[in-house]
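What follows is a short report on a single structure.
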Amino acid sequence: MITAAEYGETSWELSVQVDQKSGDESMKFKLRVKGDLHVGGLMLKLAEKIKAPQDWSDHALWWEQRKSWLLKTHWTLDKYGIQADADLRYTPQQKPLLLQLPNMKTIKLNVSFSSVVFKAVSEICRTLDIRRSEELSLLKPPDDPSKKKKKRDKDSAQDDIWDIDLLSAGPGSAGTVESSFLTKWLDSSRSLMEQEIQDEDKLLLRFKYNVFFDLNPKYDAARITQLYEQARWAILLEEIDCTEEEMLMFASLQYHICKLTVSSEPLDNANEPEIDEVEAALSNLEVTLEGGHTDRILEDITDIPELADSLRLFRPKRLTLRPYKEYWFVFKDTTISYYKNKEASAGEPIEQFHLRGCEVVPDVNVTDKKFGIKLLLPVADGMNEVYIRCDNETQYAKWKAACILASKGKTMAYSSYKSEVRNIQSFLQMKSLAPPPGQAAPDLNTMEMNAECFVSPRCSKKHKTKQLTTRILEAHQNIARLSLMEAKMRFIQAWQSLPEFGINYYIVRFRGSKKDEILGISYNRLIRIDMSSGLPVTTWRFANMKQWNVNWEIRQVTIEFDQNVSIAFCCVSCDCKVVHEFIGGYIFLSTRSKDQNETLDEDLFHKLTGGQE
C-alpha cells in the first residue's frame, strides 16, 4: 500500500485549458498525474472531469511552450518530457480560417490546424473540388508597412483591399519584391498551429509549383478557373514581364471570358474538347511498354520526317558584327545541324545542336514579323544560348514544334507533332492584333468596355482609353469563337509560354563569393543571376543533379551535378528550408504519372522536402 507521502513524490498537478467549440469561454482544470500516464489516458481523465455533454472527438492536446501537438496518444508524459510547468490546451483540431482564393475572393473554411500543411491543403482542395492539390500551398499575406500603424478591429481585417503598388514592382526592383513575397510560403511539413497561425487568420491559397499535370477541361473546371485567375492577377499586377503585344492578347482573352461569364453561358464540360483519343491511347501505350522505348517503336514503323530551311543564327557569346547570319539548317531526329549553304549540306556541318534536355523559349513579335526561337542547350557548367530566326509563321510553327519534341527526346514521327504545329499556329493567330481577313473592324460605339480593367497600370498609362479599347477589340476578333473553358485554357497556355513564367527568385550568397546574387528556381532548373545586371550567369538542370543536402547548422544548401560540378550557397532573403522545399517539391512532382490513379506518396514528398532539422 502506497502512503499519501509516497504518492505525492511520484505525481504532480498538471494544468490544462479546455477550449470549447461553441465559442464559449475556455475552462481551466488541474489534474493530478504521473509520468507514466499516456496522453490518451490524460484526455480520458479530462473528459471525465469536464462532465459536459459535448463531442470531444475533434479535440487534441496542444503544448504551448513547445508549439507542438501531442497527437501520439500512446506516448507517456515522460516520453514527451511533460512536467508540472507545462502549459497544455485541450483544443479543437478543426478551426475556422479565412482563405483568399486565387480569384481574390475570401471564404471562411474549417481547416485542420493539427495536420501538416501538405495534408491540410489536400483537404481544402477536396472541399473546393480542385484536383492535384500537391501543386498548391498556403502563404501568409504580404506585410503592408502603411497599415501597421493603424489599429483595426478583427472584422475590418476581413475586407482588406490589396494595394497594387505594394505587390507590383517598379523597374529594377521586381526580383527583390517578388523574393520577399515568396518567402511567405508556409512550411509544408509542419501544421498551421506550429507556424503560429490562429483561428480566423487570413491565408492565401495559391498554385505554388508551376507544373500543372493532366489539366483536363472535362474534370478540372474549378482548377482551371482558379489557375486562370492566378495567371490573370500575375499579369495585371506585373508580377511577370510581358510585351505590349502579349498584354493586349491577354486583355482580349479577359474581355472575352468576362463577356461569356456575364452572359451566363451554361458550363457543359461534356462538350469541352478532351485530349485527342488517339494521342491519349499512344500516351498510355508509352507508359505500359517495358523499358520506355515507345518513341523508338513508333518511329521504326514509319519514315522520320526531316526539316531543311534557310534560317538565321545568332550566338550571343561570339563576337560578330552581324548579329544574325544566314545558314542552311537541317533538323533530323533530335539534332539540328547547320551548313554554310544548301550545297554544303552533303558534307560535314559547321556545328550540331543536340536538343534532348534543352529549353525552348519563344522570341516572337507577330506585329513586327519577328519569329525567333531561343534554345538553351545543356552543357557541363550550365547552358549555352542559341537564337534561330525564321522567316514566317508557318516555318516558325514547324521548327518550334520539332524543337519542343526533341527537347523531350522525341522526333517529328511522334503522333503529337502535327497537333503541336497547329497549337503554335493558333497561338500566333491569337497574338495577331489585326482582325481576320474579310472581317470588319469593330464599332466602338456599340461596345461597352472599361479597357483599364484588362491591362496593367503601366500599360493603361501609356495609351488613351479609346486607343486601348480599339486594340483590345481588334485582338478579340481572333478569339471570339472560343468557348469559356477554351479561352481560359488559352490564357493559361499563353501565361506558361512567357519567358519568365514559373521562376521564383531568392537572394543568396554562393560559397566563395563576396557579393549577394539572385537564384532563380524553375520546375526543371536553377538559374544564377547577376544582381546588378539582372542577366543569367549559369543554369543547372535538375536532370543533371546527383544529390543535394542542407547543412542545418550553417544553413547552407549544397548541390552536386554530373561531371563533378558542385555548388553551395546560403540564403539571404529567406530560410534555406524554403529553397530546399522548392527543389524537393519539383523533383517529387516529376515522379507523377497518370497510372498512379491520383494517389500521392506523401511520405516521399516529406522525405524530399522536409529536411532533418
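The values are calculated or read from the model by the stated rules, or taken from the named source; none is laboratory data. All figures in this text were calculated on a predicted structure; none of them were measured in a lab. Here the Cβ positions follow ideal geometry from the backbone for every residue, glycine too, while neighbour counts run over all protein chains shown. Just the protein is used for accessible areas: all its heavy atoms, side chains included, with ligands, DNA and RNA removed. Shrake-Rupley method; radii C 1.70, N 1.55, O 1.52, S 1.80 Å.
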message = In Å², and per residue, what accessible area does the stretch 11-92 have when probed at 1.4 Å with the other protein chains present?
response = 55 Å²
request  = Quick one: order PHE561, PHE213 from most to least accessible surface, probe 1.4 Å.
outcome  = PHE213, PHE561
message = Can you compute the modelled spin-label distance between GLN547 and LYS515, with each label point 7 Å from Cα toward Cβ, in nm?
response = 3.4 nm
request  = Step through the residues of the stretch 217-227 one at a time and calculate ³J(HN,Hα) from phi using the Karplus curve (6.51 cos²θ - 1.76 cosθ + 1.60, θ = phi - 60°), rounding each to whole Hz and writing x for Gly and Pro.
outcome  = x, 5, 10, 10, 4, 5, 5, 5, 4, 5, 5
inquiry  = In whole Hz and in residue order, list the ³J(HN,Hα) couplings for the stretch 422-431 that follow from phi through the Karplus curve 6.51 cos²θ - 1.76 cosθ + 1.60, θ = phi - 60°; x for Gly and Pro.
reply    = 4, 4, 5, 4, 5, 5, 5, 4, 5, 6
message = With a 1.4 Å probe and all protein chains left in place, how much of the accessible area of the stretch 306-412 comes from carbon and sulfur atoms, in whole percent?
response = 46 percent
Unsatisfied cross-links (Cα-Cα over 19 Å) in the set LYS72/LYS119; LYS140/LYS202; LYS218/LYS259; LYS105/LYS202 = LYS218/LYS259
task = Measure up LYS208/LYS400; LYS369/LYS431; LYS431/LYS466 against 22 Å on the Cα-Cα distance and list the ones that go over.
result = LYS208/LYS400
request  = Quick one, can you get me the convex hull of the C-alpha atoms of the stretch 482-566 expressed as volume per residue in Å³?
outcome  = 138 Å³
task = Subtracting the Cα-Cα distance from 0.36 nm times the residue separation, let me have the gained length for GLU196 to THR73 in nm, one decimal.
result = 42.0 nm
query = How much length, in nm to one decimal, is gained on full extension between ARG32 and THR591, taken as 0.36 nm per residue of separation minus their Cα-Cα distance?
reply = 196.1 nm
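What's the magnitude of the charge dipole for the stretch 503-609 around its Cα centre, counting Lys and Arg as +1 and Asp and Glu as -1 at the beta-carbon? Answer in Debye, nearest 20.
The dipole magnitude comes to about 440 debye.
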ask   = How big is the stretch 358-405 by Rg and Dmax over its Cα atoms, in Å?
value = 11.4, 38
request  = Based on the mean of other Cβ atoms within 10 Å per residue, sort peptides 241-251, 119-129 so the most packed one is first.
outcome  = 241-251, 119-129
message = Between the stretch 354-397 and the stretch 534-613, what is the separation of their alpha carbon centroids in Å?
response = 28 Å
key: Approximate spin-label separation LYS218-ARG356, in nm, with each point projected 7 Å along Cα-to-Cβ   = 3.3 nm
ask   = What FRET efficiency comes out for the pair ASP143/SER15, r = Cβ-Cβ distance, R0 = 60 Å, nearest 0.05?
value = 0.95
query = Extent of the stretch 503-609 along each principal axis, from alpha carbon coordinates, in Å, largest to smallest?
reply = 48, 30, 27
note = note: the stretch 306-412, Cα-Cα separations exceeding 23 Å make up a percent value of 22 percent
task = Give the share of C-alpha pairs in each 10 angstrom bin for the stretch 11-92, from 0 to the last occupied bin, in whole percents, shortest bins first.
result = 18, 59, 22, 1
ask   = Using modelled backbone amide H atoms (1.01 Å from N, in-plane), which distant-in-sequence or interchain residues come within less than 5 Å of GLN94's amide H?
value = PHE113
query = Amide H to amide H, which residues 5 or more places from GLN556 or on other chains are under 5 Å from it, using H placed in the peptide plane?
reply = ASN551
remark   = For the stretch 463-470, in residue order, the Karplus 3J(HN,Hα) values (coefficients 6.51, -1.76, 1.60; θ = phi - 60°; whole Hz; Gly and Pro = x) are 10, 6, 4, 5, 5, 5, 4, 4
